[in-house]
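One structure is given below, encoded as structure tokens.
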Amino acid sequence: MLPPFLRTRASFSKPHTCLCSAALLLCFTSTRHKHCQPSEISILNENGTEAEVAITEGFYHQVKRMIHSCGSRVLLLKRSQIGNLQLDPSLKEGQVREMSTKELVLLCKDFDLETRELLANSYN
């Protein structure tokens, strides 16, 4: 699994990864909160400013809010995978392409979606 790549402003240490890896309560507004599932964080460089993060949910700005709760700020965040679907690394920012039938089926399985309608409308 290739989780999203993350670059932060301040150093990200082991206690930070423990805090962010645990289930967090994210505040969306002063009256709306949401508990998040635990995440996996791996620090990639010596100074602790680059990491890989794997989350199982995708709340609005979830990774940014997690990092902010640890006292840092996200400078770069790149998604590399959705469920078991590996995103095409050759695509440049803003580029799109049609998904193959195999990719559609894989994504539907990950999210318990019905594939018949999608496949009927597929041009592959």
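Would you please give the residues with an amide H less than 5 Å from that of I82, counting only those at least 5 places away or on a separate chain, with H modeled from the backbone geometry?
L87
For the pair T56 and L75, how long in nm is the line joining their label points, each one 7 Å along Cα→Cβ?
Between T56 and L75, the simple spin-label model gives 3.2 nm.
Say R0 is 22 Å: what FRET efficiency, to the nearest 0.05, do T101 and E40 get from their beta-carbon distance?
0.15
Enumerate the lysines that K92 could reach by cross-link, defined here as Cα to Cα under 25 Å, with residues fewer than 8 away along the same chain left out.
K64, K78, K102
No value in this document is a laboratory result; all are computed from the given coordinates. Here the structure is a predicted model, which means the values were calculated and not measured. Cβ coordinates were reconstructed from backbone atoms using ideal geometry, including for glycine residues, and neighbour counts include every protein chain displayed.
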